[in-house]
Structure formats: structure tokens, C-alpha cells
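Scroll down for the structure; my scribbles are underneath it.
The values are calculated or read from the model by the stated rules, or taken from the named source; none is laboratory data. Since we're looking at a predicted model, the values are computed, not measured. Cβ: placed from backbone, ideal geometry, glycine included. Neighbour counts: every protein chain shown. Just the protein is used for accessible areas: all its heavy atoms, side chains included, with ligands, DNA and RNA removed. Shrake-Rupley method; radii C 1.70, N 1.55, O 1.52, S 1.80 Å.
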Amino acid sequence: MSGRRLRGSAALAWLLLGSVPALAGPIAPLRPQVSPPSPEFLLVSAMELAESGRMREGIRALEELIRQQPNFRLAQLLYADLLAARSGVRGIMADAEDPRVLELFDEARLRLDQARFNPAPGSVPDTVLQLSAEYPYLVLVDLPRSRLHLMKNVDGYLQPVGSRYASIGRAGYGKQVEGDLRTPVGIYHVTGWMEDRSLPELYGAGALPLNYPNLWDRLETRTGYGIWLHGVPRQTYVRAPRSSEGCVTMANEDLEWLRPFVEKTRAPVVLADEFDWIPQSKAREERREFLQRIEHWRRAWSAMDSEAYLDFYGEDFVTAGLDKAAFAEHKRRVNAGKRYIDVTVSDISLFRYPGERMILAEFTLDYHSDNFDFAAKKEQYWRQDGEGQWRIFREENR
């Protein structure tokens, strides 16, 4: 939307209420989930009312919203523009070229898109095939849509708990190097909570730090640090869709809503450049197939069948400085000196890694043999080879 030159009366109302093809179609009616109604509910309700010709009621909804959140810039702008539209005078946003105004247009579009979004009942995000019971909740951030979803773990599948608007990096997403102003794409974990009083006002109510760079980022030599979920300065309600230095930012009240679900559980946070909602039956079948692969890998290792075990690893496999040949030589030598090996895996999570054509398997590994025992959290990265077979190409303990 950047660079669009808007003319005519009530330019913002014109943009929001159906004159742009990307916004064509009815806005799905919302129902308040809390009392009093949330700011987003009031905002989208006002747009819906104005679209249906009930301008006066839309203005009243915005008046209530502004009383709740006087620093909500988009609500203030829409309120002023609807007043202009009702009076029949030239719109106050005519000929708008100010980048700050265009950012508000973009925020409005994103919020409306979410209001119209209605996944099929029982559908689940395709990014998570299984979530270990050690994680009661997961955060999924839809980066292109500036949307954060809190999901509850129910028998390894995800059920929606709530959804909130969230801002991302000024340069978008796909972080590669320190200072590129992009939000990472990947799978991370909350590492704790940083109190408001220990942070500058920029961070608002506090921050939930993430473990960026993760193992995959380091393997890909990505740099940077300090990627957090955090609040906003108190002189504003939210920030523009693309406005941070790479963090995900939320309204302070939304961050405080999220915090108790994720603060103490190392909750996974999926920062996704794209994902689909799929039927749970499809997710169930894909989960079954991948759990079966991991079980066959485990059995081959426990049986000390070195060749069957090594067949699970791709020719491009690398771990801890070893390529496939060196790794194979090491495993054959170790197995030859054992009388028995017993390997168990538990706490399995399976992710379709965002931005990559691969599956990340995270699990707890317990290894016992006649002369050595160890336990570790393991990360395995699987992808299909040229023949379509899923093989491990990276594997690390953490």
C-alpha cells in the first residue's frame, strides 16, 4: 500500500469499507469474547457498521473505543474520517502521502483480513505435527499478517486460545545478519520474563526473550541477538505493522494476557513466513508417518544394526564437525565395542520448519549400553533426498 495516493472525501473510510479489491467482500461479524468488548472487536465492529450504512452506530463504537484506549491512533484516525464522511465534506485524509498514515492503512487492512479469516472447525496449523506434553501452550506468529496466535496443546495437537495483532521488523522478516531490521523465521523458545522496571520505556510492560539464534540459525551462520516478544511505549496503543528492529511487539495489555501462558514453560514460538490450516485428520496421518520413521531409526540403533541405522542419514549429513563418512566410521567403531545398546525417545515434538523444506524433530534421548549411559535433548533435521526419501541431514544434542 506504500506509495498509494488517496483522493476524494473520507479517504480512510473509502479504503476500509470496500473500494479496494483486496478488501472486497463482507466483513465477518464478530462476537465479543470478553466484557467489556476488546479494542479490536470495537474497531472492526465500527467498520462493519459503517459499511452497512449504520454510520452513527459505527461512530459510537469508535467513541467507546477511544474512551478505552485514547492512544489508539488507528481508531482516532478512523473516527475523524467517518465524522468527515457523515458531514459530506472533503475527507481529512484526502491526498494522504504521509508514511505514518499509510502505516495505519496497512494496520487496518491486516485487522480486517483477520476479522474475515475463518478456518474450518477442527483445523490445525500445518507447522506443528506434534507438540510434546511438556509444552502446554505454543505461540504461532503469522509474520506477513502481523498476527500472533496462542495455541493450547491438546494431546499433541493445537487448539486456538486467542489471537492478537502484533508488529514485526521494519524490514520485514527473514533475519540473516545483525542490524538488518528483520524478524527471524524459525522455531524458538521463550527463555523467561524481563520486568518493566528493568527496561527502557520502548519495551512497555516487559519482554519475553527468545533463544535467537537457535541451533539452525547458527548452522546457517545467522547473526544478531535480542529477539523478544515485548510491549510498546505507553504513549501509544500499538506500533505500526513493520516498526521494530526485529522483535515482535504487542499492545501492553496483550503482552500481559500472553505472559502467564508461556513465561515459565519454555513455550515454543513459531515465527512463520507462511502456513496453512489443515484438517486434523491430515495432520494425524503425517504425524503417524513421521513418528514411525523416528521409531525405525531408534530400533536400528538399539539393534546395533549399523548399516540400517546409517541409512537414515543423508549423504550431506554433518554433525559436530563430522561429515557422513567420518560419522559412519565413528558409529561402526563404537557399535563394534558394545554388547548391547538400549535407546529410548520421549517428549517428541515435530515441526514443519518455517521458511525451509524440512521437518524438525525435538525429543529427549536416553541411551544405555554396557559401558556408557547418557541423556540429552536432541534436535534432528530431516528433508527429502532426490529420490523422495526422508533422511537426517543435521543432528545435534543441546
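Order of 164-173, 317-326 by packing, highest average Cβ count within 10 Å first?
Answer by packing, highest mean first, reads 164-173, 317-326.
Using every alpha carbon pair in the range 110-186, what percent of pairs falls into each 5 Å bin from 0 up to the bin containing the largest distance?
Pair shares across the bins are 3, 14, 21, 21, 18, 14, 8, 2, 0.
Going by average Cβ neighbours within 10 Å, how do the peptides 74-87, 121-134 rank, with the highest at the top?
Highest-to-lowest ranking by the protection proxy: 74-87, 121-134.
Please express the shape of the chain as an equivalent ellipsoid: the semi-axes are the square roots of 5 times the eigenvalues of the C-alpha gyration tensor, given largest first in whole angstrom.
Output for the chain: semi-axes of 48, 20, 19 Å.
Suppose accessible area is computed on protein heavy atoms with a 1.4 Å probe; arrange Glu103, Glu286, Glu395 from highest to lowest.
Glu103, Glu286, Glu395
Please list, in order along the range 71-85, the HN-Hα scalar couplings obtained from phi with the Karplus expression 6.51 cos²θ - 1.76 cosθ + 1.60 (θ = phi - 60°), rounded to whole Hz, x for Gly and Pro.
With the stated coefficients, the range 71-85 comes to 9, 7, 5, 5, 4, 4, 5, 5, 4, 5, 6, 5, 4, 5, 4 Hz.
Of the beta bridges DSSP finds with both residues in the chain, what % are antiparallel, to the nearest 5?
Of those bridges, close to 85 percent are antiparallel.
Could you check how much of the accessible area of the range 186-339 is carbon and sulfur, as a whole percent, using a 1.4 Å probe?
Its accessible area is 49 percent carbon and sulfur atoms.
If I build a Gaussian network model for the chain, linking alpha-carbon pairs within less than 10 angstrom, which residue out of Leu181, Leu219, Leu62 has the largest mean-square fluctuation?
Result for the chain, Cα springs under 10 Å: Leu219 fluctuates most.
Which value in nm describes the separation of the simple spin-label points at Ala325 and Glu274, placed 7 Å from the Cα toward the beta carbon?
About 3.8 nm, to one decimal.
At a 1.4 Å probe radius, which order do Tyr340, Tyr237 fall into by accessible area, largest first?
Of Tyr340, Tyr237, the descending order of accessible area is Tyr340, Tyr237.
Is the C-alpha gyration tensor of the range 244-294 telling us rounded, prolate or oblate? Criteria: a/c under 1.5 is rounded; beyond that, a/b larger than b/c is prolate, otherwise oblate.
prolate
Calculate the dipole size of the chain relative to its Cα centre from +1 charges on Lys and Arg beta carbons and -1 charges on Asp and Glu beta carbons; express the result in debye to the nearest 20.
860 debye
Could you grab the relative contact order for the chain? Cα pairs under 8 Å, six or more apart, rounded to a whole percent.
14 percent
Under 5 Å between amide hydrogens, which residues at least 5 positions from Gly355 or on another chain qualify, with H placed 1.01 Å from N in the peptide plane?
Amide H neighbours of Gly355: Asp273, Glu274.
Per DSSP H run of n ≥ 4, the term is -39500 (n - 2.57); total these for the chain, divide by its residue number, and report the mean residue ellipticity at 222 nm rounded to 500 deg cm²/dmol.
-9500 deg cm²/dmol
Applying a 10 Å radius around every beta-carbon, put 199-211, 299-311 in order of their mean neighbour count, most first.
Per-residue mean Cβ counts within 10 Å order the peptides as 199-211, 299-311.
Dipole of the range 183-331, Cα-centred, from +1 at each Lys and Arg C-beta and -1 at each Asp and Glu C-beta, to the nearest 20 debye?
Rounded to the nearest 20 debye, it is 400 debye.
Within straight cross-link reach of Lys378, meaning Cα distance under 20 Å, which lysines are found once same-chain residues fewer than 8 apart are removed?
Excluding near neighbours in sequence, the set is Lys324, Lys331.
Rounded, prolate or oblate: which one fits the range 135-248, using the alpha carbon gyration tensor with axes a ≥ b ≥ c (rounded when a/c is under 1.5, else prolate when a/b beats b/c, else oblate)?
In terms of gyration-tensor shape, rounded.
How much solvent-accessible surface does Arg352 expose, in Å² to the nearest 10, with a 1.4 Å probe and all protein chains in place?
70 Å²
Largest first and to the nearest Å, give the Cα extent of the range 183-333 along each principal axis.
For the range 183-333, the Cα spread along each principal axis is 63, 39, 27 Å.
What is the range 40-153 by shape, rounded, prolate or oblate, if you read a ≥ b ≥ c off the alpha carbon gyration tensor as root eigenvalues and call it rounded for a/c under 1.5, prolate for a/b larger than b/c, and oblate otherwise?
It is prolate, given that a/c is not under 1.5 and a/b is the larger ratio.
Taking only Cα atoms, what is the 0 to 90° angle, nearest 10, from helix 39-51's long axis to the longest principal axis of the chain?
Between the helix axis and the principal axis of the chain, the angle is about 50 degrees.
Amide H to amide H, which residues 5 or more places from Tyr212 or on other chains are under 5 Å from it, using H placed in the peptide plane?
Amide H neighbours of Tyr212: Ile227.
Taking the chain as the reference, fit the longest principal axis to its C-alpha atoms, fit the long axis of helix 324-336 to the helix C-alpha atoms, and give the angle between the two in degrees, 0 to 90, nearest 10.
Approximately 50 degrees, to the nearest 10.
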